[in-house]
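Take a look at the structure set out below.
The values are calculated or read from the model by the stated rules, or taken from the named source; none is laboratory data. These numbers were taken from a predicted model, which means no experiment stands behind them. For neighbour counting, all protein chains shown are included, and Cβ atoms are generated from backbone atoms with ideal geometry for every residue, glycine included. Please note that ligands, DNA and RNA were not included when accessible areas were found on the heavy atoms of the full protein model with its side chains. Shrake-Rupley method; radii C 1.70, N 1.55, O 1.52, S 1.80 Å.
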Amino acid sequence: MTIDSRATPAAFDDDQDNNPSPNPSFASVLGARMNRRTLLKGTFGLAAGSFFGTSLAGCGDDSYTPAAAPAPQLKLDFTAVAKSLADTVVVPSGYTASVLFRLGDPIAAGVADYANDGSEPGASFASRAGDHHDAIHYFGMGSNGAWSPAASDRGLLVMNHEAITPLFLHAKGPTIAGGARTVNDEVVKELNAHGVSIVEVTKAGSTVAYSRASTYNRRITTNTEMILSGPLAQAPAMITKFSPDGSRTRGTVNNCAHGYTPWGTYLTCEENWAGYFRRVTAADNPRRTARELTSMSRYGIAGNGRELWATAVATDPADTTFARWNAEKLGTSSDGSDDFRNVANTYGWVVEIDPFAPASAPKKRTAMGRFAHEGAWPGPVVPGRPLVFYSGDDSRNEYIYKFVSTANWDPADAGKGLAAGDKYLDSGRLYVAKFNADGTGAWLELRFGANGITGANAAYPFTDQADVALNSRLAADAAGATRMDRPEWGAVNPKNGEVYMTLTNNSATQRTLASTDAPNPRFYNDLTTAGTAQRGNPNGHIIRWAEDGGNAAATSFKWDIFLFGARSTADPANVNVSGLTASNDFSSPDGLWFGGSGILWIQTDDGAYADVTNCMLLAAVPGSVGDGTRKSIVNIDGAATKTVDTYVGAPLGDAKLRRFLVGPKDCEITGIVETPDRKAIFVNIQHPGEGTSAANFAAGNYLSNWPAGGAARPRSATIVITRNDGGEIGGSLS
Ligand code: FEO
Ligand code: CA
Ligand code: CA
Ligand code: CA
């Protein structure tokens with residue numbers, strides 16, 4: 001097929017019409033860049049219904065008459081900040097960033113302030129903020145203590161604690177002897193420092209505080225009991241010594257990004273969980289079936305376990321808190337009820353948490369598939385239509401997925417907590433994305449019996465739909481999904497339902513010159529200022545797509561590449577393809593989130609541009625899929641060249657893409673969310689100074705001392721940013 005075979009340029013020209021609706025509520029929220037063609041096809045109703053609670057019934061055709069006045073445009077109204085290597089958070093003039101919730105901060109009455117010297121006992125971390133703050137969401141709370149989506153003065157912040165920096169958690173760093181953990185309390189602390197925090201926050205004017213003693217405060221850790229729900233509930237593959245009927249497991253780990261539901265619950269996603277389990281292959285492989293070995297190999301369940309938790313020996317033999325991190329087949333049972341050979345099967349899922357029900361057990365929603373679940377971002381929510389959640393699999397050359405619920409959305413389910421989750425998240429269709437070279441794409445269903453996912457599949461013979469959910473990666477392989485440059489976060493544009501996803505970067509060995517393709521089109525050498533070569537796609541890009549017919553449940557879409565990360569000084573023809581300038585150049589896009597006004601916030605997790613700047617947060621005003629051009633990119637690897645044709649979004653320029661924040665040294669900028677009035681945003685600063693060596697740690701020389709400064713140990717933290725004049729953050733509709 002030729003590159004011109006996709007829709008004609010006119011069909012993608014988004015600038016032809018302003019929002020024709022005279023309805024002020026639609027005009028104020030949707031802005032001017034709605035496309036008449038997609039409006040008439042129904043996207044307008046989808047987008048409006050999704051994010052603002054309006055029903056399709058309110059979107060009759062008679063509201064599409066031309067407006068007398070131009071609809072408001074979203075404009076960024078801050079001055080971009082410069083790149084920075086300073087050990088501080090830089091925000092634009094006119095803004096204030098305050099530290100709100102740090103590693104170790106107490107979340108219960110009677111818990112002492114954090115000493116930040118490693119002296120607290122491990123158990124106290126069940127009542128303290130965890131480490132490595134990641135995704136974050138804000139749930140407004142009404143005076144009755146229930147979910148109130150529009151409330152900005154009181155709410156629950158729910159956030160992930162993805163991982164830990166062990167050096168800074170313990171008095172002298174972790175104690176390891178002979179490859180084993182020898183101080184059990186250190187392991188207890190680490191088990192408690194992972195998971196999720198729920199904390200109540202209040203906002204009065206521009207003053208935001210968290211409530212140390214709120215009864216809603218809660219820590220969910222690697223030890224919290226959880227229910228397995230969906231097709232793997234009580235499946236033989238989930239049987240462990242802890243749960244011989246396969247109905248339950250303990251904990252969640254490596255929670256990176258997140259999602260949320262239209263009924264007011266939080267979705268925490270288990271990302272690079274596989275590395276936490278100990279499974280020494282030389283010993284264990286001979287005990288396993290060929291099917292088990294194929295599955296465990298595809299998920300990377302091998303090694304000593306990244307924190308060596310399984311090597312700690314409990315004083316009480318009945319205590320399996322440590323032993324459960326050993327995924328080897330050690331028992332003699334036929335079903336796994338006497339060991340933890342199946343424990344890794346209970347990880348890799350989307351986990352639903354009801355923050356308004358502190359006593360409720362979280363539920364692992366197995367219908368949504370198992371992989372390195374980056375997040376689960378909701379598509380447009382439309383009454384009477386299925387719910388859609390997008391996911392990425394955060395590993396190099398992995399895939400992009402979506403889940404489409406069997407049940408159609410009924411707004412009467414809002415506020416019904418985990419019971420609503422049972423209805424919408426336990427049954428549905430799981431798809432994986434195939435990006436075609438002509439700018440179209442297809443969602444391939446991961447269904448037993450379809451798309452090569454059968455008992456006759458040579459790489460892995462599938463047995464049933466539960467097996468497909470458990471081994472989603474293998475099913476996606478069989479279906480022929482497109483290998484992507486490391487899918488990180490996604491975000492859905494509230495203006496038009498289009499989906500954005502970061503492809504954070506890829507290496508020269510995983511994305512060779514020969515394997516560049518239209519959706520992953522670049523191979524280049526990003527030279528550091530010191531002249532060090534960085535080959536492959538070290539700067540990453542952001543892809544986006546529009547579902548056909550404006551229907552989130554569609555099985556086909558159109559895509560283009562919204563932005564390419566690059567140094568502003570890089571070759572403008574083939575590397576800095578998006579025309580980035582000193583005010584907005586970035587590398588390795590990772591976090592992604594749409595604010596209510598339509599600003600797309602982009603966060604970086606970067607090592608490639610670290611010679612020039614710390615990680616950052618940018619604000620973008622996106623157009624829409626197809627607003628740019630077809631483009632040929634010439635890639636060079638030594639003497640070899642390869643030209644790749646792709647589709648590139650319209651350049652944004654300094655007006656529509658600006659750097660808003662730069663973080664302290666050696667950090668990653670992770671979660672972001674705003675209060676509904678858009679007057680406060682919460683941003684997570686993850687692992688400042690994490691690259692500190694053991695020798696420098698011992699000498700008290702930390703790569704960062706943020707946030708306390710001086711000689712303090714660094715701490716991951718949530719910051720809150722407000723505008724000194726009390727206005728909306730970043731820009732507004734005007
Ligand atoms: Fe936790 Fe996807 O990086
Ligand atoms: Ca990240
Ligand atoms: Ca990352
Ligand atoms: Ca990180």
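Quick rundown of the values:
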item	result
Semi-axis lengths, Å, the range 400-505, gyration tensor of Cα atoms, sqrt of 5 times eigenvalues	26, 22, 12
Shape of the range 312-447, Cα gyration tensor, a/c cut at 1.5	oblate
Karplus-derived 3J(HN,Hα), 6.51/-1.76/1.60, for each residue of the range 328-343, Hz, glycine and proline x	7, 7, 10, x, 10, 5, 7, 10, x, 7, 10, 7, 10, 4, 9, 4
Mean separation of Cα contacts under 8 Å (6+ apart) over length of the chain, as relative contact order %	16
Area accessible to solvent at Phe586, 1.4 Å probe radius, in Å²	0
Cα gyration tensor of the chain - equivalent ellipsoid semi-axes, whole Å, descending	37, 30, 28
Candidate lysines - alpha carbon under 30 Å from Lys642, same-chain residues fewer than 8 apart omitted	Lys434, Lys558, Lys631
Heavy-atom accessible area order for Thr289, Thr502, Thr641, largest first, 1.4 Å probe	Thr641, Thr289, Thr502
Fraction of accessible area attributable to carbon and sulfur, the chain (%, probe 1.4 Å)	53
Nearest-20 debye value, the range 411-476 charge dipole, Cβ charges on Lys, Arg, Asp, Glu	80
Given charges at beta-carbon only (K, R positive; D, E negative), |dipole| of the chain in Debye	320
Mean separation of Cα contacts under 8 Å, 6 or more apart, over the residue count of the range 349-417: relative contact order %	24
Dipole-positive endmost among Trp377, Phe523, Thr718 within the chain (Cβ charges, Cα centre)	Phe523
Rounded if a/c under 1.5, otherwise prolate or oblate - the range 464-531, Cα gyration tensor axes	oblate
Straight-distance crosslink candidates among aspartates and glutamates, where the alpha carbon sits under 17 Å from Lys241 and sequence neighbours closer than 8 are dropped	Glu225, Asp316, Asp319, Glu328, Asp335, Asp338, Asp339
Part-to-part distance (alpha-carbon centres) for the range 605-630 and the range 185-241, which is given in Å	32
Ranked by how many other beta carbons lie within 10 Å on average, peptides 602-614, 239-251 from highest	602-614, 239-251
Alpha carbon centroid spacing (whole Å) that separates the range 244-297 from the range 75-103	36
At q = 0.10, 0.20, 0.22, 0.23 Å⁻¹, base-10 log of I(q)/I(0) for the range 513-634 (Debye sum, equal scatterers on each alpha carbon)	-0.33, -1.22, -1.40, -1.48
Volume in Å³ per residue [convex hull over Cα atoms, computed for the range 72-135]	182
Dipole of the chain, positive direction: furthest Cα of Gly596, Ala150, Val634, with charges on the beta-carbon	Val634
Centre separation in Å (Cα based) which lies between the range 475-507 and the range 398-412	16
Ordering of 725-734, 272-281 by packing [mean C-beta count within 10 Å, highest first]	272-281, 725-734
Spatially proximal aspartates and glutamates relative to Lys656 (Cα-Cα < 17 Å; intrachain offsets below 8 disregarded)	Asp14, Asp15, Asp77, Asp585, Asp627, Glu728
Shape category assigned to the range 152-307 from the gyration tensor of Cα positions, a/c cut at 1.5	oblate
Exceeding the 18 Å Cα-Cα cut-off - candidates Lys189/Lys665; Lys416/Lys495; Lys416/Lys679; Lys364/Lys423	Lys189/Lys665; Lys416/Lys495; Lys416/Lys679
Peptides ranked, highest mean first, by Cβ atoms within 10 Å: ranges 301-314, 465-478	465-478, 301-314
Inter-label distance, nm, simple model (7 Å from Cα along the C-beta direction), Leu85/Ala695	2.1
Cα lying deepest toward the dipole's positive end in the chain, options Pro121, Ala554, Tyr260, charges on Cβ	Ala554
For the range 378-432, convex hull of alpha carbons as volume per residue, Å³	82
Bins of 5 Å from zero: percent of alpha-carbon pairs in the range 250-321	3, 14, 16, 18, 17, 14, 10, 6, 2, 0
Per residue, in Å², the accessible surface of the chain once ligands and nucleic acids are set aside, probe 1.4 Å	33
